[in-house]
Structure formats: C-alpha cells, structure tokens
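To start, the structure itself, in structure tokens.
The values are calculated or read from the model by the stated rules, or taken from the named source; none is laboratory data. The structure displayed is predicted, hence computed values, not measured ones. Methodologically, a virtual Cβ is constructed for each residue, glycine included, from the backbone with ideal geometry; neighbour enumeration extends over all protein chains shown. To get the accessible areas, we keep the full protein, side chains included, count just its heavy atoms, and leave off ligands, DNA and RNA. Shrake-Rupley method; radii C 1.70, N 1.55, O 1.52, S 1.80 Å.
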Amino acid sequence: KIDNLISKLNKLDNIVYAEKEPIYKTTYVPNDTYHYGTNKWYHTQVNSEQAWDLSLGNESIKIAVVDNGIATEHFDLNVFKERDVADDDDDATPPETYNQNQSWSHGTHCAGLATAEINNSTGIASLGGNVQLIAVKATGDNQNPDFTYYGYAGVQWACENGANVVSMSYGSENSSNAMQELINSYPEIVFVAAAGNDSSSTQNFPAAYSNVIGVGSVDSNDLRSSFSNYNVGFPWIDIAAPGGFSYGGLLSSVYS
C-alpha cells in the first residue's frame with residue numbers, strides 16, 4: 001500500500017512531495033587479487049566499478065589487440081582467437097618472456113588492461129570485464145620487439161575474424177593510404193590507437209587516421225603525462241586515458 005499512501009500524501013496542500021527512498025546496491029568490486037588500493041588507481045579514475053554496476057562486459061564482444069605478441073596461455077586472459085601474421089602461424093605468443101626481454105611483453109600488457117578476466121580471484125580486472133580477446137602478433141620472432149612491422153596485415157586479419165574493437169598501441173609519423181582505406185572499409189568496428197609517448201604534437205598514425213579514436217595519456221591527477229603526445233592545430237587526439245607513471249604505472253599482465 002506504499003504507492004497508494006504516497007499518492008494521497010502528494011495531494012495534500014501542506015506536503016511538498018512524498019516519495020520512496022531508493023534501495024541502493026553496493027558498487028561492484030571484483031575479487032581479482034590485485035584489484036585494491038593504488039594498484040587500481042586507473043580504474044578509480046575512470047569509474048570502472050560504477051560502470052561494472054551497469055555491465056560486466058559480454059563474451060560476444062571481441063577486442064582484437066594487434067601488437068608485437070601476446071602470451072595467449074596467460075591464466076588471466078580469455079582468448080577467442082589468435083594469429084601470428086608476421087610468422088604466418090597460429091601462435092601469437094612472443095618468443096621471449098618478460099624476464100628475458102621486457103619489450104616482448106608489451107602486447108600482453110595491453111591485452112590484460114583491455115580483456116583480463118574479471119572476478120576470477122586471479123591477477124587483475126580488465127576494463128572490458130567479460131569480453132574475449134583476439135590476439136594478433138604483428139612482429140616476427142626474429143624482429144625487434146620495439147617495433148610493429150605487420151600492422152596492416154594484423155588489423156586486416158582481426159577485422160576478418162570477428163573483432164568488434166581493434167586496439168593498436170603503436171605508431172609512426174608516416175601515414176598509409178592503404179591503412180586508411182582498410183579502416184574505412186569496416187565502419188561497424190571501433191578502432192582505437194595510442195597517441196604516442198614522444199611529448200610531441202606531431203601527428204602519429206594510426207591514431208591520426210580518420211575513423212580512429214586517438215588516445216593520449218593522463219596521470220592520476222588528470223593532467224597530461226609528461227611523455228604523452230598532444231594536440232596543436234588539427235585535433236588528431238580525441239580522448240585521454242590513464243597511463244604511466246602514477247603509482248608505478250598501470251598494473252597488468254606480462255609474459256612470464
């Protein structure tokens with residue numbers, strides 16, 4: 001009878017308004033091992049926990065991480081598909097571990113931030129929660145892990161194999177007409193790319209391509225990271241997201 005009572009109260013001249021007090025649910029906090037304190041500063045900054053109240057993500061969403069390699073056997077990654085376009089095989093795992101060469105863990109680090117499994121009492125929680133990973137290795141085993149050599153082939157393979165989002169954490173001051181045309185050919189896919197870490201306003205590609213979301217870096221105070229590229233003139237960087245080096249950087253997965 002509460003609704004009936006409220007209706008009668010609201011008809012009285014001496015009542016400004018009558019209403020039910022909402023019952024609030026606690027903000028969702030996953031049980032992942034390292035999701036606490038300053039370890040999760042970047043989640044706190046973008047209100048991940050409030051977003052997870054609305055949705056924990058869905059396995060039907062596939063995020064392709066095109067990078068130098070991704071440790072697909074990592075216990076905190078939920079891999080849907082994998083491909084090494086550089087070496088033409090189906091193993092996206094880097095040739096060396098984090099302990100052997102930290103650069104080879106770049107892709108694994110990026111994949112964890114976007115897609116690490118959530119609420120599994122293990123590792124970290126990703127922004128994507130329950131999304132699935134498409135791991136695309138675009139650097140050959142015998143090439144320099146600080147470079148991505150087969151970006152076009154990697155993005156093309158991801159687009160042809162179910163990606164809803166393609167993440168590209170690499171860049172060059174040189175552009176490619178073919179790459180722009182490839183991106184334009186998939187209007188239903190969200191393309192995201194790093195703006196770059198050169199503390200420069202020079203356009204970086206793929207971030208500066210049309211139909212790509214270019215992402216700069218901010219620290220825990222929401223100020224531009226000292227290394228992050230930035231806009232001057234043409235606004236090729238669209239948004240900013242937490243990056244290093246606050247609290248030691250972004251805690252994520254590595255290949256070890």
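At a 1.4 Å probe radius, carbon and sulfur cover how many percent of the accessible area of the range 204-256? Working shown, then result.
Values: 1480 of 2670 Å².
Carbon plus sulfur share of accessible area: 55 percent.
With no solvent and one equal point scatterer placed on each C-alpha of the range 1-72, evaluate the Debye formula and give log10 I(q)/I(0) for q = 0.18, 0.23 Å⁻¹, two decimals.
Those come out to -0.90, -1.12, one per q.
Quick check: the angle from helix 151-160's long axis to the longest principal axis of the chain, C-alpha only, nearest 10 degrees?
Long axis of 151-160 versus the principal axis of the chain: about 50 degrees.
Report the chymotrypsin sites (Phe, Trp or Tyr not before Pro) located in the range 65-126 that are in a DSSP loop and have at most 15 other Cβ atoms inside 10 Å of their Cβ, or state none.
Numbers: sites: Phe75, Phe80, Tyr98, Trp104; in loops: Phe75, Tyr98.
Answer by residue number: Phe75.
List the GluC sites (Glu not before Pro) within the range 160-194 that fall in a DSSP loop (any state other than H, G, I, E or B) and whose Cβ has at most 15 other Cβ atoms within 10 Å.
Glu173, Glu188
Give me the count of lysine pairs in the chain whose alpha carbons sit under 21 angstrom apart, restricted to pairs 8 or more positions apart or on different chains.
7
If the range 133-213 were replaced by its equivalent ellipsoid, with semi-axes equal to the square roots of 5 times the Cα gyration tensor eigenvalues, what would those be, largest first, whole Å? Could the numbers behind the result be given before it?
Working: eigenvalues 71, 58, 24 Å².
Semi-axes, largest first: 19, 17, 11 Å.
Thr93's amide H: which non-local residues (gap 5+, or another chain) put their own amide H closer than 5 Å, with H modeled 1.01 Å from N in plane and none for Pro or chain starts?
Amide H neighbours of Thr93, under 5 Å, 5+ apart: Ile70, Thr72.
Using only the Cα atoms of the range 70-205, build the gyration tensor, take square roots of its eigenvalues as a ≥ b ≥ c, and label the shape rounded, prolate or oblate: rounded if a/c is under 1.5, else prolate if a/b is larger than b/c, else oblate.
Cα axes put the range 70-205 in the rounded bin.
Would you mind giving the three semi-axes, in whole Å and largest first, of the ellipsoid equivalent to the range 42-113 according to its Cα gyration tensor? Don't skip to the answer; put the middle values down first.
Working: eigenvalues 139, 50, 17 Å².
Three semi-axes, in Å: 26, 16, 9.
Please give, to one decimal in nm, the separation of the simple spin-label points placed at Asn14 and Asn174, each 7 Å out from Cα toward the Cβ.
Going from the Asn14 label point to the Asn174 one covers 8.3 nm.
Counting other Cβ atoms within 10 Å of each Cβ, which GluC sites (Glu not before Pro) in the range 1-89 have at most 14 and sit in a DSSP loop?
Qualifying residues, ordered by number: Glu19, Glu59, Glu73.
Under the classification rounded if a/c is under 1.5, otherwise prolate if a/b is larger than b/c and oblate if not, where does the range 95-162 fall, given a ≥ b ≥ c as square roots of the Cα gyration tensor eigenvalues?
It comes out oblate by the Cα gyration axes.
After finding the eigenvalues of the alpha carbon gyration tensor for the chain, what semi-axes result from the square roots of 5 times each, listed largest first in whole Å? Please report the intermediate quantities before stating the final value.
Numbers: eigenvalues 304, 95, 71 Å².
Semi-axes (√(5λ), whole Å): 39, 22, 19.
May I ask for the distance between the Cα centers of the range 37-54 and the range 217-239, given as a whole number of Å?
Comparing the Cα centres of the range 37-54 and the range 217-239, I get a distance of 20 Å.
Ignoring ligands, DNA and RNA, what accessible area per residue does the chain give at 1.4 Å, in Å²? List each step's numbers first, then the result.
Details: 13660 Å² over 256 residues.
For the chain, the per-residue accessible area is 53 Å².
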